[in-house]
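Since the structure comes first, as structure tokens, the remarks are kept for the end.
Taken together, the values in this text are just the output of simple stated rules run on the coordinates, not laboratory data. Computed from a prediction, not measured in an experiment: that's the story for all the values here. Positions of Cβ are generated from backbone atoms using ideal geometry, with glycine treated the same way; all protein chains shown enter the neighbour counts.
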Amino acid sequence: MTKANLEQLIDLKKEIKEIEQKIRHEGISPSDNVELLEKRKQMAAELEKEITKYINSVVDSRVRRIMQYKYVDGYTWSKIARIMHYDRSSPEKIVTRYLNLEENFDMINEQVKELSKLYDTALEYDIDIQTTADTIVEYRVKMFDKKDSRILKSIIPLLDTLIYEANQYKEWIEQMANTSIYLEDGNIIFNV
């Protein structure tokens, strides 16, 4: 949820009041205004339900109260500050800080999910390489036992290369498993 999404409810409620005043002053006859008013009321009801659900999901009681006052009740930041015994700018800073932290957490969570997918894929590939390498080693031993040097001479370099690449990839996976990830100044840091 962003601050702009939260503030949309306040603007929508103001717009509804303006349309209602316009209808009162001009009478109910302009059907365009009545339809517009009904659409806006429906939008406001849906948005208020979504925002209320979001606000109720906020674990921090202080942040939840400030959001309720501001985005549902429509209080000014100054009025919220007076109610909660803060200086005038504190409530807005508290909400902004919370939303920024939540946004960063969501971004990090998505990046960790992507890394997790990459790691899972890498593990699958590692298993495939290991299985293939084991099969190649078995095949190589059988060919050596049969003493068929013509086949060995052409296949050994290919087998050695494949085994080398499999070991390199396995080392990469082990290195990635030991990588730590953390957030510093809004950036994700990989510590190998």
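Structure notes:
- Residues Tyr54 and Thr131, FRET efficiency given R0 of 45 Å [Cβ-Cβ distance, rounded to 0.05]: 0.40
- Eligible aspartates and glutamates near Lys93 by straight Cα distance, threshold 20 Å, same-chain separation 8 or greater: Glu7, Asp60, Asp73, Glu102, Glu103, Asp106, Asp185
- Length gained on full extension, Arg64 to Glu18, computed as 0.36 nm times the residue gap minus the Cα-Cα distance: 13.7 nm.
- Coupling constants for the stretch 39-45 follow from the phi torsions by the Karplus curve (6.51 cos²θ - 1.76 cosθ + 1.60, θ = phi - 60°), and in residue order they are 4, 5, 4, 5, 4, 5, 5 Hz; glycine and proline get x.
- Proximal lysines relative to Lys41, as straight alpha-carbon distance under 29 Å, when same-chain residues fewer than 8 apart are discounted: Lys3, Lys13, Lys14, Lys17, Lys22, Lys49, Lys53, Lys70, Lys79
- The local environment of Asp60, defined by Cβ-Cβ distances under 12 Å, has a net charge of +3 under the rule Lys, Arg +1 and Asp, Glu -1.
- Overall Cα dimensions of the stretch 5-136 - principal axes, largest extent first, Å: 88, 44, 18
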